[in-house]
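> Here you go, one structure.
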Amino acid sequence: MPQCSDSVAIGAIADAAAARSGLRDQGKQFAIITTDANELVADIHDRMPLILPPSDYARWLSDEPDPRDLMRPFPAEPMRMWPISTRVNKPENDEPSILDPVSTLVA
């Protein structure tokens with residue numbers, strides 16, 4: 001489970017046109033942007049969510065047509081990671097304990 005002690009945001013795109021045209025009853029539609037994995041996450045996957053530091057929030061949310069240079073791996077240094085239970089894969093397991101570290105010993 002990656003964790004960073006500072007505030008960060010996950011980069012995403014949303015269907016603003018649907019919201020403006022009154023399709024709000026269809027539910028909010030968005031997609032999380034991914035980028036190459038940093039050194040920490042690369043041990044488990046080749047991609048990771050686009051993580052934005054507070055200094056990039058305004059630019060990401062602006063009308064700028066091409067913020068592509070913000071789509072880079074978040075630095076590994078402020079992050080840490082530990083194994084968690086596979087219980088996290090079921091939405092009904094919505095409790096803080098699913099983020100508790102678990103043993104990775106295999107019999």
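> Which numbered condition trips up Leu61, out of (1) over 14 Å from Ile10 (Cα atoms); (2) surrounded by 10 or more Cβ atoms within 10 Å (Cβ to Cβ)?
The one condition Leu61 does not meet is (1).
> While we're on this one: With a cut-off of at least 3 residues that are modelled with pLDDT of 95 or more, name the strands (runs of 3 or more DSSP E) lying wholly within the stretch 1-89.
Correct list: 34-36, 47-49.
> So which pairs qualify, if the first residue must be in the stretch 79-107 and surrounded by 10 or more Cβ atoms within 10 Å (Cβ to Cβ), the second must be small (Gly, Ala, Ser) and at pLDDT 90 or above, the Cβ gap must be under 7 Å, and the two must be at least 6 apart or on different chains?
As it stands, the answer is Ile98/Ser85; Val102/Ser85, since those pairs meet every condition given.
> Hey, can you tell me all the residues within the stretch 90-107 that are assigned to a loop (DSSP other than H, G, I, E, B) and among the hydroxyl-bearing types (Ser, Thr, Tyr)?
Ser103, Thr104
> Somewhere in the stretch 48-68, is a residue out of contact with any Cys (no Cβ under 7 Å at 6 or more places or on another chain), touching a residue at least 60 places away in the same chain (Cβ under 8 Å) and within 19 Å of Thr34 (Cβ to Cβ)?
Checking the stretch 48-68: not a single residue is out of contact with any Cys (no Cβ under 7 Å at 6 or more places or on another chain), touching a residue at least 60 places away in the same chain (Cβ under 8 Å) and within 19 Å of Thr34 (Cβ to Cβ).
The values are calculated or read from the model by the stated rules, or taken from the named source; none is laboratory data. Because the structure is predicted, anything quoted here is derived from the model rather than measured. Positions of Cβ are generated from backbone atoms using ideal geometry, with glycine treated the same way; all protein chains shown enter the neighbour counts.
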